[in-house]
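Peer 1: My questions will all concern the structure given below.
Where a number appears in this text, it was derived from the coordinates with a stated rule and is not lab data. Not measured: the values here are computed from a predicted model. Backbone-built Cβ (ideal geometry, glycine too); neighbour counts: all protein chains shown.
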Amino acid sequence: MIVSELHLMTPELSLLGFALVVILLDLFIKQKKVLAGVSIAGLIVSAGFTLAMWGAPTIDIFYAMLAVDRFALFFKFLLLAAAGLIILASQDYVSKFERFQGEYYALVLISAVGMMLLTAAADLISIYVALELSGISLYVLASFLKDQKSTEAGLKYLLLGAVASAVLLYGMALVFGLTGKTCLLCIADVVETMPIAGLLDNPALLLGIILLAAGFGFKIACVPFQMWVPDVYEGAPTPITAYLSVASKAAGFAVIVRVFFVALGAPSWLSIDWGILFAILSAITMTLGNVVAIVQTNIKRMLGYSSIAQAGYLMVGLATVGVAVGADALGRSGLLFFLMSYAVTNLGAFIAVIAISNKIDSDLIGDYTGMGKRAPLLAVALTLCLVSLIGLPPTAGLIAKIYIFNAAVHHGLLWLVIVAVINSCISAYYYLRVVKVMWLGAPVSEEKVPSSWALRASLSLCCLGVLLLGVIPGSFVGMAEAAVRIFGS
Amino acid sequence: MTYHIPWIVFLLPLFSFIIISFILRPFLNYRPKLGGYVTIGAIGAACALSFWLLVEVLSAPGHKLEIPDIQWLLIGDLSIHIGLMVDALTAVMLIVVTIVSLTVQIYSQGYMHGDPGYHRYYAFMSLFTACMLGLVMADNLVFLYLFWEGVGLCSYLLIGFWFHRPAAADAAKKAFIVTRLGDFGFLAAILFLFYKTGTFDIGELHGLAIAGTLTGTTLTWVAIGIFAGAVGKSAQFPLHVWLPDAMEGPTPVSALIHAATMVAAGVFLVARFFPLFENSEMALTSVAVIGGFTAIFAATMGLVMTDIKRVLAYSTISQLGYMMLGLGAGGIAIGIFHLFNHAFFKALLFLGAGSVNHSTGTFDMREMGGLRKAMPWTYATFLIASLSIAGIWPLSGFWSKDEILVSSFANNPILFYLAMITVFMTAFYMFRAVFLTFGGEYRGGASSEHGSHGAHQLHESPKVMVIPLVVLAALSIFSGWLNVTGRFDEFLGHGEVHSFTQGFFGILTHPLPWISLILAGSGILLAYAMYSAKWLSAEAIGKAFSPFYALFSRKYWFDELYERVIVGRVLVDGLFAGCGFFDSRGVDGAVNGVADGTAAAGRALRQAQSGQLQVYAMAIAVGIVAIMVCFYLFG
């Protein structure tokens, strides 16, 4: 049985294989750029397998431990694309390392495998294992620079990650204790028939749900579980920061949607309760992220807080999923579309920062002055991405916000959308400040800022994505809708 | 397949812009002419496809192509469509825009040769053309307004093309700001329309107006608002002041602006919304009156200008007045027919002026003269265009101007007499320009507008500039013949079709054409008498009519009125100062308060980010407890 199901794991298995090949090759090969090439090849192969499975019917494998459905495949593809762009953008950065270049690439691949499993996991056990697999590789990657800040980042991430894991495990234990099941669909059956009329009737379930939300909330960096973000984002190697902010967050949202919607989606009062919980957390998260981002002087920290704010917008979608009670799939597909748009936009912004900061050797926004003259293409790309993060036309960010806010308004979350729109206005201030510094500031030197072809290629791909999603969103909306259709309704 | 053609027509120049701006950049240094080729290729293809569309529209039922909307975005029940419409009006405009643009682009290869901004020029020209094509094909008001502003933006960029010259930069700003005044009316009309009808779709709005749902004061106000936009763009009185200054742009840009793109947009706009105007007597009268008045008003200023481009600029304003008069008194077909003919001979006149400048290095007619021998092609084509604009049978200008005169005669005698006087003036100032420029002896020269030619020889322009002139000259003769049989009228709306010979010669059996021909002839004769044969002294006449001369040559002091009185006194000293006070005390206070508050909150919250791990872990625990407590308190 199990062996015959292995072929449904080809995306993960092939990527794992390539990760091992990278580690082995590292022993023999002097020219380390080859390793990046092999890694990207692995990602492409895996993405090919993922695409090939798009049309296949939904199926649960390994005794319902993993689900093979379009929802998972959508996220797998997104994660693979993000990992590919990160590796492409890492080459210059990594070539400065004296040792362990092979390990760097391998760890990126392995954490990608972990995240892919996380998006497919349909059982509390497999969710936990996948979460740790992705987490541990990321802890190592965060401390990869081995300077003081990076080490601190890695250690903080590890310790707080351990706390979050403990919280999550406690929540899982409570849910398991109440239902006697670990598979999400089985939990759903039990919860639906529980003889209670509200969460307050069953404090253990309430605590379990809050602990689950907290554990996953750490992964997506929602307030008050976001404290690690600025320190880790600043200290970690910039490509890893980008990876954390996009891939790790996307995987986190995937698992939250699956756990809450599948296992805790019924009865309707339960769904509405956690919907409201996420709505309130969303309002706090985006407000805190935006307000604190305003006073940042370091662009990596600013983007860190900006990613907290973006998580807040994404949680508007999550809240919609809850309060919609499965009435329509707008919240879910909106969330997926927003993640797509956020992925290309944020990766683009970070890659531009990698390209610029690496050359001028500074992460301070003030040092970006006059970049429009010193590196016009990078400055154009960064401007485009920042404009998309604000949510202005003709970019992906606008459509994503329209999509998700429209869905929220439909389900009575007007107040949350008003908060979100005010927040978008606030965010324009600090995003545009960078634009202003780059284009209107006087350059500190006439020296051009060069960038490698790999960086330019990955940046161009991101910008292309930002524009495509913004100008012809139709087919991507269709993809997001197809991906959430598996949950019924 | 036909459905895609309008999109391709629009996208071709747009992609040309994108390709030149973003993709060709690295190669431009060693392939300096690439930008021009890309633009010409794109617009040439768009032109060919426009003819295809014209043929399709001719055979389509109701002269309207059904182009399915493209659903741009569908989220739940939120559905956003984008679409283009191609009807007879659009088809005609497509032909005008693409032909004029194509000839201008070809000509520019010679004219802009060696300019350091060669590629920037072609990139903007492509974008300009794309915006105008989008404008004429837009099927909803949002799209239309978008391209309307796009056209304004491109004209700003191109008028100010030589931005290092203060005059050019000022002219660009003036054009942008003055047209903005009209745009405000247009935008208000759009919003008001949407508020009243709930639709942006032009076809639906037409339907509402025709069905009589949209009537009364609402309709009148909407029509007046739309017309305000047209007044700004088409440089009608009192927003005409920007167009003469717009001469600061490169001459081919002026040709494009005056013939096919910017100013034609205003006339097109009125024609596009003609069903709305038709149902409002007052709106239609306003269009006719403003048009008729502008026609003669601008012509008087054209009489005395010494700069050849300024003469042409005032003649454009005057001719646009004719078009508005035609629309207001006669209908779409008459106004657009004049736009159609005017596009070709006005483009030709400007390109001719550019050709003259290429040789002499000046636009001042007092420093020209005698170019007839040195520049035979330029002279011949310029002469044809002048005869055409003067309305001499059987050139194109005659046919459309005659229709306007006939319709205004039937409609409003005062406007008819004004239009008749304008015919005389038009002939006079155009031939004054012809005789001053090409007749007599050469009187010197100065440095060219794009770099000094030094002590140069008079010479005919290169072939790449002459060929577009010849093509346009042919069109200036023949384009008017399209309506000799009445086919053009029939295509754009109504009208009876008769045989070509009957129309071609039969028209001379009526008295009205003879009167206008005599007036035009006497205008030419007077110009000949004053500037060629010197039977009359221009100086003496100028002295005799010195108050008028001053009035005309100082442009009725409109610039002074606007700049010193309205802008200086009313706006800067009055309104702006008041607003500034309110802004600095009231608004700034509130904004700064909010901003300071937010920043202070940010700083305070940042304190919480102490970097201490214990604090972070504690936050997680406290957060969980707080959520739990909240559930019990509010839950």
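Peer 1: What angle, in degrees between 0 and 90 and rounded to the nearest 10, separates the Cα long axis of helix A:474-484 from the longest principal axis of the Cα atoms of chain A?
Peer 2: Helix A:474-484 sits roughly 40 degrees off the main axis of chain A.
Peer 1: Something else about it: Divide, for chain A, the radius of gyration over alpha carbons by 2.2 N^0.38 Å, where N is the residue count.
Peer 2: Here the Cα radius of gyration is 0.92 times the empirical estimate.
Peer 1: Dipole of the protein assembly as shown, Cα-centred, from +1 at each Lys and Arg C-beta and -1 at each Asp and Glu C-beta, to the nearest 20 debye?
Peer 2: 2300
Peer 1: Follow-up question, since we're still on this one. To the nearest 500 deg cm²/dmol, what mean residue ellipticity at 222 nm is calculated for chain B from DSSP H runs of n ≥ 4 alone, each contributing -39,500 (n - 2.57), summed and divided by the residues?
Peer 2: -22500 deg cm²/dmol
Peer 1: Please report B:Ser108, A:Ser271, A:Ser445 as a ranked list, fewest other C-beta atoms within 10 angstrom at the top and most at the bottom.
Peer 2: Fewest to most other Cβ atoms nearby, the residues stand as A:Ser445, A:Ser271, B:Ser108.
Peer 1: What is the helix-to-structure angle for B:413-438, meaning the angle in degrees between its Cα long axis and the longest Cα principal axis of chain B, kept from 0 to 90 and rounded to the nearest 10?
Peer 2: Tilt relative to chain B: about 80 degrees.
Peer 1: Also, quick follow-up: Taking the alpha-carbon centroid of each part, what is the distance from segment B:144-174 to segment A:388-426 in angstrom?
Peer 2: One Cα centre to the other: 34 Å.
Peer 1: Segment B:248-279 to segment B:38-106: how many Å between their Cα centroids?
Peer 2: Each part's Cα centre sits 17 Å from the other's.
Peer 1: Under 4.7 Å Cβ to Cβ, no partner at all: give me those cysteines from chain A, in residue order.
Peer 2: A:Cys222, A:Cys385, A:Cys425, A:Cys462, A:Cys463, each lacking another Cys Cβ under 4.7 Å.
Peer 1: Along segment A:240-251, what does the Karplus equation 6.51 cos²θ - 1.76 cosθ + 1.60 (θ = phi - 60°) give for ³J(HN,Hα), rounded to whole Hz, x for Gly and Pro?
Peer 2: For segment A:240-251, the Karplus-derived couplings read 6, 4, 4, 4, 4, 6, 9, 5, 4, 5, 4, 4 Hz, x marking Gly and Pro.
Peer 1: Using θ = phi - 60° and the Karplus form 6.51 cos²θ - 1.76 cosθ + 1.60, what ³J(HN,Hα) does each residue of segment A:366-381 get, whole Hz, x for Gly and Pro?
Peer 2: Per-residue couplings from phi come out as x, 7, 7, 4, x, 5, x, 8, 7, 9, x, 5, 4, 5, 4, 5 Hz.
Peer 1: If I fit a long axis through the Cα atoms of helix A:299-324 and take the longest principal axis of the Cα atoms of chain A, what angle between them do I get, 0 to 90°, rounded to 10?
Peer 2: In chain A, helix A:299-324 runs at an angle near 20 degrees to the longest axis.
Peer 1: If you don't mind, there's one more thing I want to ask. How large is Rg over Rh for segment A:1-99, taking Rg from the Cα atoms and Rh as the Kirkwood inverse mean of 1/r across Cα pairs?
Peer 2: Rounded to two decimals, Rg over Rh is 1.06.
Peer 1: Roughly how far apart, in whole Å, are the Cα centres of segment B:308-359 and segment A:249-304?
Peer 2: Measuring centre to centre over Cα atoms gives 61 Å.
Peer 1: Moving on. Which residues' amide hydrogens lie under 5 Å from the amide hydrogen of A:Ile29, considering only partners 5 or more residues apart or on another chain, with H built in the peptide plane?
Peer 2: Here nothing satisfies the definition.
Peer 1: Let me ask something additional. Using Cα positions and a limit of under 30 Å, work out the lysines in reach of B:Lys309, with same-chain residues fewer than 8 apart set aside.
Peer 2: Hits, sequence-local ones excluded: B:Lys33, B:Lys173, B:Lys174, B:Lys233, B:Lys346, B:Lys373, B:Lys401, B:Lys463, B:Lys534, B:Lys543, B:Lys555.
Peer 1: Continuing with the same structure: Rank by packing, highest mean first: peptides B:261-272, A:359-370, with packing defined as the count of other Cβ atoms within 10 Å averaged across residues.
Peer 2: Result, highest mean Cβ count within 10 Å first: B:261-272, A:359-370.
Peer 1: At a 10 angstrom cut-off on C-beta neighbours, averaged per residue, how do the peptides B:149-155, B:411-417, B:193-199, B:244-250 rank from highest to lowest?
Peer 2: Packing proxy ranking, top to bottom: B:244-250, B:149-155, B:411-417, B:193-199.
Peer 1: Quick one: Karplus J couplings for segment A:210-224, per residue in order, coefficients 6.51, -1.76, 1.60, θ = phi - 60°, nearest Hz, x for Gly and Pro?
Peer 2: So the J values, rounded to whole Hz, are 5, 5, 4, 4, 5, x, 6, x, 4, 5, 8, 6, 9, 5, x.
Peer 1: If you count, for each residue, the other Cβ atoms within 10 Å and average over each peptide, how do A:96-102, A:71-77 line up from highest to lowest?
Peer 2: The most tightly packed comes first, giving A:71-77, A:96-102.
Peer 1: Classify segment A:1-262 as rounded, prolate or oblate from the Cα gyration tensor: take a ≥ b ≥ c as the square roots of its eigenvalues, call it rounded if a/c is under 1.5, otherwise prolate when a/b beats b/c and oblate if not.
Peer 2: Taking the square roots of the gyration eigenvalues as a ≥ b ≥ c, segment A:1-262 is oblate.
Peer 1: Give the long-range amide H neighbours of A:Leu66: residues separated by 5 or more places, or on another chain, with amide H under 5 Å away, using H modelled in the peptide plane at 1.01 Å from N.
Peer 2: A:Ile61, A:Ala122
Peer 1: Give me a single rounded figure for A:198-205: the average over its residues of other chain Cβ atoms within 10 Å of their Cβ.
Peer 2: Rounded to a whole number, the mean comes out at 1.
Peer 1: Cross-link candidates for A:Lys359: which lysines have Cα within less than 16 Å, leaving aside residues fewer than 8 places away along the same chain?
Peer 2: A:Lys96, A:Lys300, A:Lys373, A:Lys448
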